[in-house]
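S.K.: Right, I'll just put the structure down here and ask away after.
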Amino acid sequence: MKFGLQVYSFTWPGGPEAIGPSLARAVRTADDVGFDSIWVMDHFWQIGGPESELQPMLEGWTTLGFMAANSQRARLGLMVGGVHYRNPGLWVKAATTLDVLSGGRAWLGIGAAWNQAESEGLGFPFPPLNERFEQLEDTLRIAHGMWQGERGSEEDFQGRRFHAGRLLNVPQSISRPRVPIMLGGGGEKRTLRLVAEYADASNMFGGPEQLVPKYAILAEHCEAVGRDFAEIERSNLQGVALTDRGAAWGRQRESPDQLVERIGRLAEAGVQHVILSVGDADDADALEALSRDVLPQLRGVEAADPRRITSTA
């Protein structure tokens, strides 16, 4: 199994001046203890309700660049980007830039988005869902084009929502054949079809009972488009509280052994990459407990092939 860390809150003691040092410390710690990936959300306001909107939130791509300078090995990405916040060329150029400056450690995490209040509050057009899916497919197709060869396909692109005259991309990404693409969401008709056609990873919420039938549908989409289902990495985001600081975020505290058991059930359902949200990413005790008592027990665990699972009971 692989393990990631999601940093979703920047509410640390000391105000804005302390955010940079605290984030740098959290990222260095996660990188040092062996997390395979580190993620931030793509929001401009903190989510969770009206009062949450007054808590600190950083712009995602800028934050990832800062994180790249404070890490050496973990891959970095947005979990996941809202497609309507940037046009396709900027999505690909930003991911390429992160990949180049980090030495080949970028993810392109993207999805159809949902935060209407945040978008309208800051003046981002918020198209209807169908149009956002058309934007998403155009963006994915442009990404494949720009990450072709040594400098992109350089061809004209005409999509449903976007036209691009020349898909030039210099410098090209270090990650080959492209920066890996993660699609977020479990929509069975559109999202999972786009995963089958264009993505390298699928991130879905839920536990084994929700994931197993979703994986079956993803496998059907892969068969329909001639894609090998095994090529797509299956990731899942899970909240965790191993310390009092973690429990203060409204999560039920559990022991490392309980977490190992919970993650083991996810592996039995087919999850390959578990991304842990610890609430306070600057909680060194939580990260140490994960690195000492959880990750070593699960590193060698092989995720089951969900196509062979008939029950999650």
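S.K.: Somewhere in the range 56-71, is a residue in contact with a strand residue (DSSP E or B) (Cβ under 8 Å, 6 or more places away or on another chain), farther than 20 Å from residue 16 by Cα and not aliphatic (A, V, I, L, M)?
M.R.: Within the range 56-71 (the criterion being in contact with a strand residue (DSSP E or B) (Cβ under 8 Å, 6 or more places away or on another chain), farther than 20 Å from residue 16 by Cα and not aliphatic (A, V, I, L, M)), the answer is yes, since at least one residue qualifies.
S.K.: Among the residues of the range 27-37 satisfying the criterion of being touching a residue at least 60 places away in the same chain (Cβ under 8 Å) and open to solvent by 20 Å² or more (accessible area, probe 1.4 Å), which is nearest to residue 109 (Cα to Cα)?
M.R.: So the residue we want is 36.
S.K.: Same structure, new question: Any residue at all in the range 218-237 that is within 22 Å of residue 12 (Cβ to Cβ) and either in contact (Cβ under 8 Å) with a residue 60 or more places away in the chain or β-branched (Val, Ile, Thr) (or both)?
M.R.: yes
S.K.: List every residue pair whose Cβ atoms lie under 7 Å apart, where the two residues are 6 or more positions apart in sequence or sit on different chains, the first residue falls within the range 242-270 and is at pLDDT 85 or above, and the second residue, located anywhere, is open to solvent by 100 Å² or more (accessible area, probe 1.4 Å).
M.R.: These pairs meet every condition: 260/297.
S.K.: Answer with yes or no whether residue 20 is part of a helix (DSSP H, G or I) and under 27 Å from residue 124 (Cα atoms).
M.R.: yes
S.K.: Still on this structure, I have one more. Output the helices (runs of 4 or more DSSP H) that fall wholly within the range 232-295 and possess 2 or more residues being open to solvent by 10 Å² or more (accessible area, probe 1.4 Å) and out of contact with any helix residue (DSSP H, G or I) (no Cβ under 8 Å at 6 or more places or on another chain), or say none.
M.R.: Working: elements: 244-247, 256-268, 284-289.
In the range 232-295, 244-247, 256-268 are the helices (runs of 4 or more DSSP H) which contain 2 or more residues that are open to solvent by 10 Å² or more (accessible area, probe 1.4 Å) and out of contact with any helix residue (DSSP H, G or I) (no Cβ under 8 Å at 6 or more places or on another chain).
S.K.: All but one of (1) closer than 30 Å to residue 167 by Cα; (2) assigned to a loop (DSSP other than H, G, I, E, B); (3) aliphatic (A, V, I, L, M) hold for residue 67; state the number of the condition that does not hold.
M.R.: Result: residue 67 fails condition (2) only.
S.K.: Can you go through 199, 224 and tell me which one is crowded, with 22+ Cβ neighbours inside 10 Å, over 27 Å from residue 20 (Cα atoms), modelled with pLDDT of 95 or more and not polar (S, T, N, Q)?
M.R.: Criteria check complete, one pass: 199.
S.K.: Among the numbered criteria (1) surrounded by 21 or more Cβ atoms within 10 Å (Cβ to Cβ); (2) closer than 18 Å to residue 306 by Cα, which one does residue 179 miss?
M.R.: Every listed condition holds for residue 179 apart from (2).
S.K.: Ok, one more. Any idea which residue in the range 149-174 is nearest to residue 102 (Cα to Cα), counting only those that are in contact (Cβ under 8 Å) with a residue 24 or more places away in the chain and among the polar types (S, T, N, Q)?
M.R.: 173
S.K.: Based on what the data block shows, is residue 289 in contact with a Gly (Cβ under 7 Å, 6 or more places away or on another chain) and either more than 29 Å from residue 78 (Cβ to Cβ) or without any contact (Cβ under 8 Å) to a residue 60 or more places away in the chain (or both)?
M.R.: Spelling it out, it is not the case that residue 289 is in contact with a Gly (Cβ under 7 Å, 6 or more places away or on another chain) and either more than 29 Å from residue 78 (Cβ to Cβ) or without any contact (Cβ under 8 Å) to a residue 60 or more places away in the chain (or both).
S.K.: Scan 154, 131 and give me the residue that is open to solvent by less than 60 Å² (accessible area, probe 1.4 Å) and over 30 Å from residue 57 (Cα atoms).
M.R.: From the options 154, 131, the qualifying one is 154.
S.K.: Pairs needed: first member in the range 123-141, within 18 Å of residue 189 (Cβ to Cβ) and at pLDDT 95 or above; second member anywhere, open to solvent by less than 30 Å² (accessible area, probe 1.4 Å) and of a type in the set (S, T, N, Q); C-beta distance under 9 Å; at least 6 residues apart or different chains.
M.R.: Listed by first residue and then by second, the contacts come to 133/191; 136/191.
S.K.: With the structure loaded, tell me whether residue 66 is closer than 28 Å to residue 121 by Cβ, more than 16 Å from the chain's Cα centre (by Cα) and open to solvent by 60 Å² or more (accessible area, probe 1.4 Å) or whether it fails that test. So that I can check it myself, show each step before the final result.
M.R.: On the way: closer than 28 Å to residue 121 by Cβ: yes; more than 16 Å from the chain's Cα centre (by Cα): yes; open to solvent by 60 Å² or more (accessible area, probe 1.4 Å): yes.
So residue 66 passes the test.
Here's the yes/no breakdown for (1) hydrophobic (A, V, I, L, M, F, W, C); (2) open to solvent by less than 30 Å² (accessible area, probe 1.4 Å):
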| site | (1), (2) |
| --- | --- |
| 5 | yes, yes |
| 14 | no, no |
| 25 | no, no |
| 39 | yes, yes |
| 74 | yes, yes |
| 85 | no, yes |
| 109 | no, yes |
| 112 | yes, yes |
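The values are calculated or read from the model by the stated rules, or taken from the named source; none is laboratory data. Computed from a prediction, not measured in an experiment: that's the story for all the values here. Heads up, the Cβs are rebuilt from the backbone with ideal geometry, glycines too, and the neighbour counts pull from every protein chain shown. Quick note on the areas: whole protein, heavy atoms, side chains included, nothing else; ligands and nucleic acids left out. Shrake-Rupley method; radii C 1.70, N 1.55, O 1.52, S 1.80 Å.
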